[in-house]
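Report on the following structure.
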Amino acid sequence: MQDRKLAAIMFTDMVGYSALMHRDEKLALTLLAEHHRLLRPLFPEFGGREIKSTGDGFLVEYASALQATQCALEIQRVLIQYNATMSAERRIHIRIGIHLGDVVLREADIFGDDVNIAARIEPLAEGGGICLSGPVYDQVVNKLDTPLVKLDAAQLKNIKTPIDVYRVVLPWQQSSLLGQASSPRTAHTREGRVVLLGWAAIILLIGALAVFRPQPELPKIPSTPPKSVVETHAIPALDPLRIALLPFKNFSPALEDEHFARAIADQLGIELSKISGLAIIPRINTQIAALEPRLIGEKTESGTLLTGTVRKVDNRITVNIRLIDSSDGVNHWGETFAGEMKDLDNIQNKVAFEVARILKVKLLEAERQQIEKKYTNSSKAFELYLKGRDGWNSFTSEGLRQGIIYLKQAIAEDPNYALAYSGLADCNAALASDFEPPKPVLAEAERYARRALRIDPELAQAEVSLAMYYMFSGSNWEKAREHAIRAIQLKPRYADAHHYMAHYLESQGKLAEAKNEWFLALQYDPLSSVIAIEFALTYLFIGDYPSAIALCREALAMEVDFVYGLQILGAALTFKGDYQVATETLQGALTLKEGDRPIIIAELGHTYAKAGKMAEAGEQLRRLLKLQDQGRFVDAYYLAWVYAGLGEMVEAQRSLEKAVREQSTWIFNINVNPRLIPLHNETTFHDLLKRMNLE
């Protein structure tokens, strides 16, 4: 007697593989291996058992139809992200067919008519699509908000019994497939409705939750960088639930209130990002914001633009908000909110709720509570907090120090203002990264972050602040990881949480995994110059210099005078061997406001050394030592780069030892930093790595 059981059967198939094999065998085999590597880890995550590889596809068995369908959704989501970073000829498209039926077990394989049915359903799916049999549809229709379109009756090859087949409407297929609902094909979802906007919102959250488990085995993102920093995500173009937040104009009579318009826009973006059905693209730069709505929509792949004006006179504030359809520039909605400064929190809540209502996004109760959550009852403290965060966003020594002043004033107004303490932690950690001796300011950062979490244990920003502290101080790598994971759990789409998870992975030498975290961070904040530049730094560590250069140039196109970006671009050009361009780039950075930083001088010295210009490199070293003698903070880690380039290994090692004692913030990447390759044969270098728990 044969063993039988009920199972959900999935067949997958690579589109166009045979033709590609005929045209370019080497590329076909490369993509096949990449296809296997991307898909195989996903099957067991959803309870799947790989029965066998069918060459360019898989046969997989699941205990339930729901698990199989969820896995199929995840597979296509992962591939759409992967393809967003690849040239057309290197993209991978697969079809997926799923059927539920009786199978015969024989050794490790499965057989039977229902296996054949699943195999016949798979070709009905378009490239990048999923098709389900009627029995699978019956099992999942009341458990997913996924739109399904019933296909016209089709005779499956060698299958006599008619089988209903449904196509899953993925977000990037909606415009083409759901238009078919008016034809004889009928769209079906839970309660018999196609919930387009709701599903697009939910799939973002499902995708985030599927990815953000502690230390997930994420699919490797390829080394080729995105064509554009604003094109690194996989969300379909002109999605109305994807909102580009344009700069707010300041109509206040006082010039010093210019920061206030920026801060209100940033804070409104934070409130809107709490709504899982919306994707917010913050901090659109003025160059992009000056374009026509259609072009802004294309560059940010956003179907909706949010802009406004702010007017503050004494204690009164007026905020005018407009939602614009990016495809034609027509207003969705506009409204004016006015009140006293103490009403600003309520004004932002009203705006968030109105945006959700206009775009027909259902608010979860937990999201409503998060938006309504008040971190302070003091309007004065809130205003000071906004000023402080504006200083943090500047990432200049002047801005950071002024931000600390404002944030301390906010705490004086409200000693239990958790967000202000978290902001203080971040400003201090940022000062430690380049501007002040790290040890004392990092101690302050830790103290403020812990105070924030005592006040509000659910504050994701404070968890990131602690992750930043542990990374920069080098005091406990595992603690850095734990706090980054906790931040992701509290706020899955929080770009900074993925930012510091990436740093942790870099410290452990896990550069492929770090790339995945940078990819996710850019998805949630695609116009962040800092995230783009530090993603480029990971490419530099890997040795993919063209990708690092391309990503740096994209970031600098958005922020021309970004000193940090010019530094990393100079480093990438140096390792690529373009010494002249690297030198010009770094010399240009030194001429900018606050550009004469020791890190830029050290990078220039290292470039000269790599180019064989030892006299010029020595001159930059003496310049750094002179600044040090004058009382300027010069991080010993940067000195080690120049010494290593000059071949002075003893001095380079001494500088690294000093950097560890002083808690140099960037030393966490010591084991992957290519500037230190000359030290890799030194026993003392490896002894240092062991003491740092980085060997």
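The values are calculated or read from the model by the stated rules, or taken from the named source; none is laboratory data. Quick caveat: nothing in here was measured; it's all calculated off a predicted structure. Here the Cβ positions follow ideal geometry from the backbone for every residue, glycine too, while neighbour counts run over all protein chains shown.
Are there any pairs with C-beta distances below 6 angstrom linking a residue in the range 529-550 that is under 13 Å from LEU573 (Cβ atoms) to a residue that is basic (Lys, Arg) and assigned to a helix (DSSP H, G or I), with the two at least 6 apart or on different chains, and if so which? Here the result reads TYR545/LYS576, each pair linking the range 529-550 to a residue that is basic (Lys, Arg) and assigned to a helix (DSSP H, G or I).
Of the helices (runs of 4 or more DSSP H) lying entirely inside the range 336-439, those containing at least 1 residues that are touching a residue at least 40 places away in the same chain (Cβ under 8 Å) and closer than 30 Å to THR304 by Cβ are 344-358, 365-372, 379-394, 418-432. Can you say whether ALA602 is out of contact with any helix residue (DSSP H, G or I) (no Cβ under 7 Å at 6 or more places or on another chain), within 22 Å of GLU506 (Cα to Cα) and touching a residue at least 12 places away in the same chain (Cβ under 8 Å), as far as the supplied structure shows? In short, no. Yes or no: the range 9-27 includes at least one residue that is in contact with a Pro (Cβ under 9 Å, 6 or more places away or on another chain), in the same structural domain as GLU126 (by TED's automatic domain parsing) and over 24 Å from PHE111 (Cα atoms). No, the range 9-27 contains no residue that is in contact with a Pro (Cβ under 9 Å, 6 or more places away or on another chain), in the same structural domain as GLU126 (by TED's automatic domain parsing) and over 24 Å from PHE111 (Cα atoms). Filtering the range 656-684 to residues that are among the polar types (S, T, N, Q), within 34 Å of the chain's Cα centre (by Cα) and assigned to a helix (DSSP H, G or I) leaves THR665, ASN669.
Look at GLN402 and say whether it is at pLDDT 90 or above, of a type outside the set (A, V, I, L, M, F, W, C) and either buried (at least 19 other Cβ atoms within 10 Å of the Cβ) or within 25 Å of ILE600 (Cα to Cα) (or both). Yes, satisfied. The number of residues in the range 49-92 being buried (at least 20 other Cβ atoms within 10 Å of the Cβ) and either free of Cβ contacts under 8 Å to residues at least 24 places away in the same chain or part of a loop (DSSP other than H, G, I, E, B) (or both) comes to 4.
With respect to ILE96, is the statement that it is in a loop (DSSP other than H, G, I, E, B) and at pLDDT 85 or above true? So ILE96 does not fit the description; no.
Would you call LEU551 closer than 27 Å to GLY474 by Cβ, crowded, with 24+ Cβ neighbours inside 10 Å and either modelled with pLDDT under 95 or in the same structural domain as LEU272 (by TED's automatic domain parsing) (or both)? Considered against the rule, which asks whether it is closer than 27 Å to GLY474 by Cβ, crowded, with 24+ Cβ neighbours inside 10 Å and either modelled with pLDDT under 95 or in the same structural domain as LEU272 (by TED's automatic domain parsing) (or both), LEU551 comes out as yes. Check the range 445-452 and report whether any residue there is at pLDDT 95 or above and of a type in the set (Ser, Thr, Tyr). Yes, the range 445-452 contains a residue that is at pLDDT 95 or above and of a type in the set (Ser, Thr, Tyr).
Just one of the listed residues (GLU463, GLU482, GLU506) is more than 14 Å from ALA430 (Cα to Cα), surrounded by fewer than 24 Cβ atoms within 10 Å (Cβ to Cβ) and of a type in the set (Asp, Glu), namely GLU482. Looking across the range 284-317, just one residue is among the acidic types (Asp, Glu), part of a loop (DSSP other than H, G, I, E, B) and in contact (Cβ under 8 Å) with a residue 40 or more places away in the chain, and that is GLU301.
Let's see how each residue does on (1) touching a strand residue (DSSP E or B) at 6+ places or on another chain (Cβ under 6 Å); (2) acidic (Asp, Glu); (3) buried (at least 16 other Cβ atoms within 10 Å of the Cβ); (4) in the same structural domain as TYR17 (by TED's automatic domain parsing):
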{"site": "ARG95", "(1), (2), (3), (4)": "yes, no, yes, yes"}
{"site": "LEU100", "(1), (2), (3), (4)": "yes, no, yes, yes"}
{"site": "ARG106", "(1), (2), (3), (4)": "no, no, no, yes"}
{"site": "PHE111", "(1), (2), (3), (4)": "yes, no, no, yes"}
{"site": "ILE117", "(1), (2), (3), (4)": "yes, no, yes, yes"}
{"site": "ALA125", "(1), (2), (3), (4)": "yes, no, yes, yes"}
{"site": "GLY128", "(1), (2), (3), (4)": "no, no, yes, yes"}
{"site": "LEU132", "(1), (2), (3), (4)": "yes, no, yes, yes"}
